[in-house]
Amino acid sequence: MLFLDEMAEFPATVLDALRQPLEEGVVRVCRARASVAFPARFLLVGATNPCPCGEGGAEGACRCPPGARRRYLRRLSGPLLDRFDLRVVVTRPDATEVLGGPPGEGTATVAARVAGARALARERGVGCNAEVPASRLDEVAPVVPGAARLLEYRLRAGLLSARGLHRVRRVARTVADLAGAPGAVSEEHVCLALSLRADLVAADAGDPPSHAGVRGLVSVPGSRRPA
Amino acid sequence: MSEPLPAEAFAAALAGLPGMGPARLRAVLAAWPAEEAWGRVAAGQACERAPVALACRPDAAGVAALWRAAARRASPERVWEGCVRAGVAVLLAGAGGFPGCLDDDPDPPAVLFSLGDPAVVEGRRVAIVGTRRCSRYGREVAYELGRDLAAAGVRVVSGLALGIDGAAHRGALATAGAPPVAVVGSGLDVVYPPGHASLWADVARAGLLLSEAPLGARPEPWRFPVRNRVLAGLAEVVVVVESAEKGGSRHTVEAAMVRDRQVMAVPGSVRSPVSAYTNALLADGCHPVRDAVDVLVALGLSTVPAASADQRPPPEPGDEAGVLEALGWEPAAFEDLCARTGRTPGQVSVALARLQHAGWVGERGGWWERIG
């Protein structure tokens, strides 16, 4: 697992160098006499603030000029973000939540669910759903007609790339597996998968939400099975 | 050259010279016919006429030299080709198509660039202005005023800026009513702010875009106060929805008062910094605006409220309507919506996907926002 904290502080060239190993699972080093491939199947996790000042959450708290925000997020290139399976916006919890809101689910409960989903993936002959090849998606993760229409609209409207479509279908399969729903993936699970794919690049494309914007994000990409 | 260039081509080229503000352009075009004016300026003779020299104080000779140098590099043919290619019309003061309400303006534009049907300005007009950093309340009120005034046949005039301006125009476009009019600070081919590109195009298609700035002009800060006076001149009533004590709306209000246009203000919370200026206006005796009817009364129009101005069918009752209501007009994160509605993430995500498909909401940077 590779965790990049403050991901937007890395130079864009460094980040883009991750694209090829993310896609192929190997790092190739080519010199005059030889070319060597090192295994590099890893789970990439990144976290970033929405802007340099890090205050982009509370209303009107961000002190960055719009240009600075734009430049900051531009370091995360579209192709790189497209390779993340999950892009989640993390908002600042309010005081009551920090001081003891209702307790969430226990880790053990969630771990059992995850183990169940992993077992389903192994039955399909892969380590996890992210490894399902695109050619097998129709067999492994068929979607109900309503969800298919929704995905088609997203594709046509340019809200989803072809690569993104495959990733959404794999995530939707996983969401359905975690919910214990076999068979065709329902509209609800496809929508949940889409909502785990926050549109970060467009965050600067125009009329920003009237005050500040993304408060923080955690992106879990190319979830290859950890080696 | 197959056809001689029209006067508009030379006026547009003059407007594109550096340091050519409204007063100087007016003086130059008053001194000579447009084609001859271009020739004189290119020959460095601009300041031979006293009114032009007066407008170019304190360094009239320097300005004349600057114009001469710039005019040698520019060509009216190219400027005119650019206008024709962009579908932009050039309106000259006193000529056909130029808004009649600006004829007796104390500081009228000499040239206006327009995209859309210039006849649109001939009708009742109300400007809706305010801050870019508006609150949810201001955005909602601006949207509703824009929608209801347009439905009542009143042209909504605004500046296409972020915040109040954009909300007012979105409202005006949401109904099949009067066409919207926008007065912008940059050139008509320089969309500013970039995020309003689609709104910009929608206003040009449904109504009229006007700018005093030549094509290619960047949105330089000095252009906006200058633009605000044109906005005030075009309106019969100026409604300030929200503005902080030192906001840009102040320019528009001052320009409106100089021109004897009625200024009205939307009351806001006394604790809200973005209502400080509007509340101060009210304390000074401005008429308050509670809804579109107050504005229609000021215009002397029928006070019968416009029935349901929004033409679209409302979203499906149930999850979709519940989520849209919980969203309101402020951006909200996904989990906020789950918490507010008490619905499961699955239900909320399906509702949001359908609302997005139907054009009610949009997502940016993980934030959901109502757009229609």
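Structure data summary
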read-out: Strands (runs of 3 or more DSSP E) enclosed by segment B:148-213 - at least 3 residues per element that are without any contact (Cβ under 8 Å) to a residue 24 or more places away in the chain; value: none
read-out: Selected residue [buried (at least 22 other Cβ atoms within 10 Å of the Cβ) and either among the basic types (Lys, Arg) or over 21 Å from B:Ser211 (Cβ atoms) (or both)] from B:Ala71, B:Ala64; value: B:Ala71
read-out: Counted residues, segment A:74-105 - those being more than 15 Å from A:Met7 (Cβ to Cβ) and within 14 Å of chain B (Cβ to nearest Cβ); value: 10
read-out: Restricting segment A:140-180 to residues that are without any contact (Cβ under 8 Å) to a residue 12 or more places away in the chain and away from every other protein chain (no Cβ under 12 Å), the residue that is nearest to A:Asp85 (Cα to Cα); value: A:Ala162
read-out: Top-ranked residue in segment B:42-63 [being of a type in the set (A, V, I, L, M, F, W, C) and over 22 Å from B:Asp107 (Cα atoms); ranked as modelled with the lowest pLDDT]; value: B:Ala61
read-out: Residue match in segment B:31-42 (condition: without any contact (Cβ under 8 Å) to a residue 24 or more places away in the chain, closer than 23 Å to B:Val230 by Cα and part of a helix (DSSP H, G or I)); value: yes
read-out: Failed item in (1) small (Gly, Ala, Ser); (2) under 30 Å from B:Pro6 (Cβ atoms); (3) within 13 Å of another protein chain (Cβ to nearest Cβ), with B:Ala119 passing the rest; value: (3)
read-out: Segment B:104-132 - residue that is assigned to a loop (DSSP other than H, G, I, E, B) and touching an Asp or Glu at 6+ places or on another chain (Cβ under 9 Å) and, of those, surrounded by the most Cβ atoms within 10 Å (Cβ to Cβ); value: B:Gly130
read-out: Restricting segment B:325-370 to residues that are in contact with a strand residue (DSSP E or B) (Cβ under 7 Å, 6 or more places away or on another chain) and more than 27 Å from A:Cys51 (Cα to Cα), the residue that is farthest from the other protein chains (Cβ to nearest Cβ); value: B:Trp360
read-out: Out of B:Val253, B:Val239, sole residue that is crowded, with 17+ Cβ neighbours inside 10 Å and in a strand (DSSP E or B); value: B:Val239
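The values are calculated or read from the model by the stated rules, or taken from the named source; none is laboratory data. As the structure is a prediction and not an experimental result, all values here were calculated from the model. Note: ideal-geometry Cβ built from the backbone for every residue, glycine included; neighbour counts use all protein chains shown.
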